[in-house]
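J.: Below: one structure in structure tokens.
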Amino acid sequence: MAMELEGVDDLSLHLVFAKLGPKDSAIAACVSRQFRSSASEDSLWKKFCNQDLNLTDPVDHLGNPIPSFKETYQVWRRAFGMYPWPLLKRVKRCWDRLKNWLSTNFPEALETLRNGASEADIEEFENVLKVKLPLPTRILYRFHDGQELKGGYVDSIRGFPLGLIGGYTFYGQTVNVYLLPLRQVVSETKSIIQDVDFSRKSKFIVVASSSTFTEKVFFLNCASGQLFVGTAKLRDDGEMIPCVPGALIKSVHECNTEHQQDAMLLWLEEHVRRLENGIIKLREIKNIRSISLFPEEPPLCSTAITDGVCVRASAVFLPELTDILDSSGNHQFAYSIRMSLQDEGCIINGMTFNSCQLHLRHWKVRANDHVVSVVNGEAVIGKFPLLKPGEEFVYESCSSLYSSVGSLEGSFTFVPGSLAYPEGSPFEVQVARFPLQVPTYIF
């Protein structure tokens, strides 16, 4: 083959090497001077860097510039040569997707990402806590050592709103989850193990938590690779719930197999998918932006338009308030209701009104498709929202179920005009059914 390629023009050789890939091109470069010259062209290695690492500029994993793409590829190989290359590419792709979304939508949160930890940093971390990080998590920390939440602190209730995982607000409580840097993983793990009933040989470490007064803590089991979140009984009984389907976790410590994936990588990939697809979005309250975990797309979010009034509704599971060992069942959910009046106003019996005001609420709660509660009352969270075109009223509340699967639906009674100055007869606005369920991925 090499004899037959001798004398072939450089352009043709370039095309051949591009098909061979980085490893075989480097081997072929040893055959002859012509091969070495063609295999050293930086345009060839630019292609390899783009294909393998999605790089458009010659930089290392910390963003430092490198003189050439060929040297860039070598630098990456030296830096991550101890890891399976397909896994390295997958982890980098996960971080790239997340950073691209943050850059476009939430740049202030992007700035909180720390530079990656070194191999020495990780080895010291493992020695201190006497654990061995799963390979995917180890590479995740090589790219970015969690978040540095400097500045932007609001108060003990709202904490730092820049958590990459995000959260929710209900009844004056706020949850906002961020990724911990290794130094804080050490301190938080040591602190919580003193309070929680963990075995001394436990391989759990704290990897993410809420920055607010409301405690929500995520633990990685370094032995199994599963991710857990603490429940309301975390400090009493060490109760936790797995956050990722266990069947998906495989080969978390093996270098010589394919398709290694632990819960941390799967969890972040699923989070990125939801952000990219608009399933979860940013929410701004009093000029403070954060990632809201209330779903915005069906089937997890319902939408109903009645006589010009639009109501969107969705719920999120609250593991930190749930007690799964409670004999009567105690699954807690927060739900978000977003109501607005369309531009043409509300239209009742052919008449158009520029405003309407909520008076009554009616709820029907189901568990396992059986109605378990019917609620009727005035107002929502003590308020009687007045809707006008171009404005949206949002409120959050809570519901509990004895089952892990249920739903909520109902209606609101509105009055055209306002309660003080009604301009017509009351009318019902539907709230389409939306699920209350423990999800397969818990955030």
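The values are calculated or read from the model by the stated rules, or taken from the named source; none is laboratory data. All values derive from a computational prediction rather than experimental measurement. Neighbour counts are summed over all protein chains in view; Cβ atoms, including those assigned to glycine, are modelled from backbone coordinates with ideal geometry. Ligands, DNA and RNA are stripped out before the accessible areas are found, and what is left, the full protein with its side chains, is counted by its heavy atoms. Shrake-Rupley method; radii C 1.70, N 1.55, O 1.52, S 1.80 Å.
J.: In nm, what is the difference between 0.36 nm times the number of residues separating Asn349 and Ser403 and their Cα-Cα distance?
T.: Difference between extended and current length: 15.3 nm.
J.: Helix 263-276 sits at what angle to the longest principal axis of the chain, using alpha carbons and giving 0 to 90 degrees rounded to 10?
T.: It works out to around 60 degrees.
J.: Largest first, how would Met339, Met351 line up by accessible area (1.4 Å probe)?
T.: If we order Met339, Met351 from most to least accessible, we get Met351, Met339.
J.: By per-residue mean of other Cβ atoms within 10 Å, what is the highest-first order of 367-377, 72-82?
T.: Working: 367-377: 11.7, 72-82: 16.6.
Ranking, from highest mean packing down: 72-82, 367-377.
J.: If we sort 426-433, 122-129, 204-211, 254-261 on the protection proxy, mean other Cβ atoms within 10 Å, highest first, what's the order?
T.: 204-211, 426-433, 122-129, 254-261
J.: Another question about this same structure. Calculate how large, on average over all directions, the projected area of the Cα convex hull of the chain is; give the answer in nm² to one decimal.
T.: For the Cα atoms of the chain, the hull's average projected area reads 27.4 nm².
J.: Ignoring everything but the protein chains, give the 1.4 Å probe accessible area of Lys92 in square angstrom, nearest 10.
T.: 20
J.: How far apart, in nm, are the 7 Å Cα→Cβ label points at Tyr171 and Ile27?
T.: Label at Tyr171, label at Ile27, 6.4 nm between them.
J.: Would you please give the FRET efficiency between Asp369 and Leu325, computed as 1/(1 + (r/R0)^6) with r the Cβ-Cβ distance and R0 = 25 Å, to the nearest 0.05?
T.: Once rounded, the FRET efficiency stands at 0.55.
J.: Under the rule of at least 5 residues apart or a separate chain, name every residue whose amide H is placed under 5 Å from the amide H of Gly166.
T.: Amide H neighbours of Gly166: Val177.
J.: Also, I was wondering about something else. In the chain, carbon and sulfur make up what percent of the accessible area (probe 1.4 Å)?
T.: 50
J.: Further question: Report the accessible area of Tyr168, computed with a 1.4 Å probe over the heavy atoms of all protein chains in place, in Å² rounded to the nearest 10.
T.: Roughly 10 Å² of Tyr168 is accessible to a 1.4 Å probe.
J.: Further, regarding this structure: Once you place label points 7 Å from the Cα toward the Cβ at Asn287 and Ser103, how far apart are they in nm?
T.: 2.9
J.: Once ligands and nucleic acids are excluded and a 1.4 Å probe is used, how much of Cys398 is accessible, expressed in Å² to the nearest 10?
T.: Surface open to solvent at Cys398 totals about 30 Å².
J.: Let me ask another. What do you get for the angle between helix 10-20 and the principal long axis of the chain? Use alpha-carbon atoms, 0 to 90 degrees, nearest ten.
T.: 60
J.: Which of Pro389, Val311, His259 sits closest to the plus end of the dipole of the chain, meaning its Cα is farthest towards the positive end, when Lys and Arg get +1 and Asp and Glu get -1 on the C-beta?
T.: With unit charges placed on the Cβ atoms, the residue in question is His259.
J.: Using only DSSP helix segments of four residues or longer, with each worth -39500 (n - 2.57), what per-residue ellipticity at 222 nm results for the chain after dividing by its residue count and rounding to 500? Don't jump to the answer; show the numbers that get you there.
T.: On the way: 13 runs with 130 residues, N = 443.
The helix contribution divided over the chain gives -8500 deg cm²/dmol.
J.: So, counting K/R as plus one and D/E as minus one, what does the shell of residues with Cβ under 12 Å around Ala109 add up to?
T.: Its environment carries a net charge of -1.
J.: Taking a virtual spin label 7 Å from the Cα of Thr303 along the C-beta vector, which residues in segment 413-443 bring their backbone nitrogen under 14 Å of it?
T.: Backbone N within reach: 432.
J.: Could you list, in their original order, any pairs among Lys216/Lys281; Lys46/Lys89; Lys23/Lys250; Lys47/Lys89; Lys46/Lys70 whose Cα atoms are separated by more than 18 Å?
T.: Lys216/Lys281; Lys23/Lys250
J.: If you roll a 1.4 Å probe over the heavy atoms of the protein chains, what accessible area per residue do you get for segment 295-418, in Å²? Could you put the intermediate results ahead of the total?
T.: Details: 5290 Å² over 124 residues.
Value for segment 295-418: 43 Å² per residue.
J.: Now for a separate question. Provide the gained length on full extension for the span Asp60 to Glu126, in nm with one decimal, where the gain is 0.36 nm per separating residue minus the Cα-Cα distance. Write out the running numbers ahead of the final one.
T.: Working: separation 66, 0.36 × 66 = 23.76 nm, distance 2.47 nm.
Going from the current span to full extension adds 21.3 nm.
J.: Could you sort Lys132, Lys216 by their accessible area in this structure, using a 1.4 Å probe and putting the largest first? Numbers along the way, then the final one.
T.: Numbers: Lys132 120, Lys216 5 Å².
In descending accessible area the options line up as Lys132, Lys216.
J.: Roughly how many debye, to the nearest 20, is the charge dipole of the chain about its Cα centre, given +1 on each Lys and Arg Cβ, -1 on each Asp and Glu Cβ, and no other charges? Numbers along the way, then the final one.
T.: Working: 45 positive and 52 negative charges, 117 e Å.
That gives a dipole near 560 debye.
J.: Turning to a different aspect of this structure: Assuming 0.36 nm per residue, please report the length gained on full extension of the stretch Asp237 to Glu276 beyond their Cα-Cα distance. It would help to have the intermediate numbers written out before the result.
T.: On the way: separation 39, 0.36 × 39 = 14.04 nm, distance 3.71 nm.
Roughly 10.3 nm would be gained on extension.
J.: State the dimensionless ratio Rg/Rh of segment 60-147 (Rg: radius of gyration of Cα atoms; Rh: Kirkwood radius).
T.: A ratio of 0.99.
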